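Have a look at this one before I ask anything.
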Amino acid sequence: QVQLVESGGGLVQPGGSLRLSCAASGFTLDYYAISWFRQAPGKERERVSCINASDGSTYYADSVKGRFTISRDNAKNTAYLQMDSLKPEDTAIYYCASGNLCSGYRQYYSWGQGTQVTVSS
């Protein structure tokens, strides 16, 4: 069964850090772009970051640029989102998704169940 499972969310104070993980089972992540999305109450779903499979090039939304870092470890079949300098507005459910590309004609094949990130003092 093809599955993506996010983990690493939780409650953190403003300015703190979290590392989210996206573990794949049933397939290998080697040949897929991995995207991170987030959904917060009252807001549209936002594509936060993406890492391509072909060259490792990355994309970041302006809202997280300079604070978040996406990476992948193909040997572990896992992608990560390192989140630093967290702000209350980062509070959301974070989802990972496998796809073909980070730009151009993008398609998404699998989605994780989401992990809650809450930034509050």
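Leaving ligands, DNA and RNA out of it, report the carbon-plus-sulfur percent of the accessible area of the stretch 62-121 at a 1.4 Å probe.
The C+S portion of the solvent-accessible surface of the stretch 62-121 is 48 percent.
Shifting gears a bit: Tell me which chymotrypsin sites (Phe, Trp or Tyr not before Pro) from the stretch 48-121 have a DSSP coil assignment and no more than 10 other beta carbons within 10 Å of their own.
In loop regions of the stretch 48-121 (DSSP not H, G, I, E or B), the sparsely surrounded chymotrypsin sites (Phe, Trp or Tyr not before Pro) are Y105.
Put +1 on the Cβ of each Lys and Arg and -1 on the Cβ of each Asp and Glu in the stretch 13-65; which of P14, W36, S57 then has its Cα farthest toward the positive end of the dipole?
P14
Another question, then. Would you look at the GNM of the chain, springs on alpha carbons closer than 10 Å, and say which of D84, D55, D73 moves the most?
Taking springs between Cα atoms under 10 Å, the residue moving most is D55.
Moving to a separate point now. Write out the trypsin sites (Lys or Arg not before Pro) in the stretch 1-76 meeting two conditions: DSSP loop, and at most 15 other Cβ atoms within 10 Å of their Cβ.
In loop regions of the stretch 1-76 (DSSP not H, G, I, E or B), the sparsely surrounded trypsin sites (Lys or Arg not before Pro) are K43, R45, K65, R67.
Shifting gears a bit: State, to one decimal in nm, how far the label point of T28 lies from the label point of S120, with both points 7 Å from Cα in the Cβ direction.
Placing both labels 7 Å beyond Cα along the Cβ direction yields 4.3 nm.
When ligands, DNA and RNA are left out and all protein chains stay put, how many square angstrom of accessible area per residue does the stretch 1-88 have with a 1.4 Å probe? Display every interim value, and only then the final one.
Values: 4570 Å² over 88 residues.
Result: 52 Å² of accessible area for each residue.
Here's a follow-up. Calculate one ³J(HN,Hα) per residue across the stretch 51-62 by plugging θ = phi - 60° into the Karplus curve 6.51 cos²θ - 1.76 cosθ + 1.60, and present them in order as whole Hz with x for glycine and proline.
Rounded to whole hertz, the list is 10, 6, 7, 5, 10, x, 5, 10, 10, 9, 5, 4.
Return the distance in nm (one decimal) between the two label points of a simple spin-label model at A40 and D84, each offset 7 Å from Cα along Cα→Cβ.
Rounded to a tenth, the inter-label distance reads 2.1 nm.
What distance in nm lies between label points placed 7 Å from Cα along the C-beta direction at S17 and Y105?
Result for the modelled spin labels: 4.0 nm.
The values are calculated or read from the model by the stated rules, or taken from the named source; none is laboratory data. Here the structure is a predicted model, which means the values were calculated and not measured. FYI the Cβ positions are ideal-geometry reconstructions off the backbone, even for glycines, and counts take in every protein chain you see. When the accessible area is computed, the model is the full protein with side chains, heavy atoms only, and any ligands, DNA or RNA have been set aside. Shrake-Rupley method; radii C 1.70, N 1.55, O 1.52, S 1.80 Å.
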